[in-house]
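Taking it in order: structure first as structure tokens, then the write-up.
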Amino acid sequence: QVQLVESGGGLVQAGGSLRLSCAASGGTFSSYAMGWFRQAPGKEREFVAAIRWSGGNTYYADSVKGRFTISRDNAKNMVALQMNSLKPEDTAVYYCAAKYSIVMRTRPDDYDYWGQGTQVTVSA
């Protein structure tokens, strides 16, 4: 059983930056592909970014490509999401997720474990 705890959310003005972190425990972190998802009010949960178990490959949603960067530190059991040039449409609850796989996944249903989420609000 893997436990995930996100942190780093908050309120920021458009054009600003935030860094989200996700701390993992209870499993062999390096065996898991990791992903970030987000869910805005009234909308479905959507894929944001994913990173392979080794950290050597990453994948991004088109809406965040060039602005967000996912990274991981397997020695610290942590994955991060650096968010730059934030827009009001990035406002959502952001979730960290883990999948026991060497392959990156983009669908929420593919992930086995989820954090509780952290709120990101971007004001215009």
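The values are calculated or read from the model by the stated rules, or taken from the named source; none is laboratory data. Since the model is a prediction, treat every value here as computed from it, not as a measurement. Note: ideal-geometry Cβ built from the backbone for every residue, glycine included; neighbour counts use all protein chains shown. Each accessible area value is taken on the protein alone, full model and side chains, heavy atoms only, with ligands, DNA and RNA left out. Shrake-Rupley method; radii C 1.70, N 1.55, O 1.52, S 1.80 Å.
Here are the numbers:
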{"item": "Wholly enclosed strands (runs of 3 or more DSSP E) of region 74-124 bearing at least 2 residues under 15 Å from Leu20 (Cα atoms) and touching an Asp or Glu at 6+ places or on another chain (Cβ under 6 Å)", "result": "118-123"}
{"item": "Selection count, region 67-105, where residues are closer than 12 Å to Phe47 by Cα and open to solvent by 60 Å² or more (accessible area, probe 1.4 Å)", "result": "1"}
